[in-house]
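Here is the structure we will look at, set down as structure tokens.
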Amino acid sequence: MIQTGFIEKFFEDSFLTFSPEVSSLTFSDAIIVLFWSISLSMIVSITYRGTHKGISYSQSFTQTLVLLGVVVSIVMLIVGTDIARAFTLVGALSIVRFRNAIKDTRDVGFIFFIMAVGMACGTRFYALALFFTLIGCLMLFFMYSSQFGQKGLAQDILELNIPIKYDYSQVLSPIFTKNLKYYSILSVDSIDEEKNRISFIITFKKKLKLLSFKNEKEVADDFTSKSKFLGELKKIEYISNVKVINGSHSTEV
């Protein structure tokens, strides 16, 4: 039988101190850090969800923002003012490799935003963390509602499969230049050893004006820049699974 005194000492050493040495950091401090980091991180993630435009929204990224804020606050709590611990942590994290491509540059800003909030909570600057979160979120909502920086370009995402042996830039560039006002490559994913799945952010040129037709409803789509563009892509035999996605629906060829 394990003596009761040993059990009591075990829990006392486990939860009443955070290091072998006597520390001013108590268990209640950790609870407070977790409370503020979770609360403020959720406010930032809700702001991200509420101000996001376009079709690249990711629920997992929204949840990751909360997790990242909490993790950063705990890391800062562990490091404290111990320089040796800080260098050890840098060495441990240097082996981590992130391979997920960020599809929206605005997401990078939210990553730095949530890291700053987590660092402020972890170093127990709660008032600063709260003030910074409120000001940052209000600023983001203001820019969202005022459409700050918008140029009025409606953007879609084009996805297609193309064999690896073909240079997609040479094949697609003439068609893109002819039919699109703007285009930029978003990602290149390997399907198998022979094909890639390529995604582009595109903006179509204005629709062609219709003259006089017997049935305008039937032919309207055929005379838009979008249908013309998809028709030209369809003529290339080795391109497959072409899909244009916008905020409301997707068009496949």
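The values are calculated or read from the model by the stated rules, or taken from the named source; none is laboratory data. Fair warning: this is a prediction, and the values are worked out from it, not measured in the lab. Cβ placement follows ideal geometry from the backbone for every residue including glycine, while neighbour counts extend to all protein chains displayed.
General observations
- Boolean, residue 107 is at pLDDT below 90, farther than 23 Å from residue 186 by Cβ and charged (D, E, K, R): no
- Note on the range 210-241: residues that are at pLDDT 65 or above and not in a loop (DSSP other than H, G, I, E, B) total 12.
- Within the range 111-148, being surrounded by fewer than 12 Cβ atoms within 10 Å (Cβ to Cβ) and not aliphatic (A, V, I, L, M) holds for 112, 142, 145, 146, 147, 148.
- Checked against (1) more than 18 Å from residue 37 (Cα to Cα); (2) modelled with pLDDT of 90 or more; (3) of a type outside the set (Phe, Trp, Tyr), residue 117 passes all but condition (1).
- Residue that is surrounded by the most Cβ atoms within 10 Å (Cβ to Cβ), among those in the range 27-56 that are among the small types (Gly, Ala, Ser) and part of a helix (DSSP H, G or I): 37
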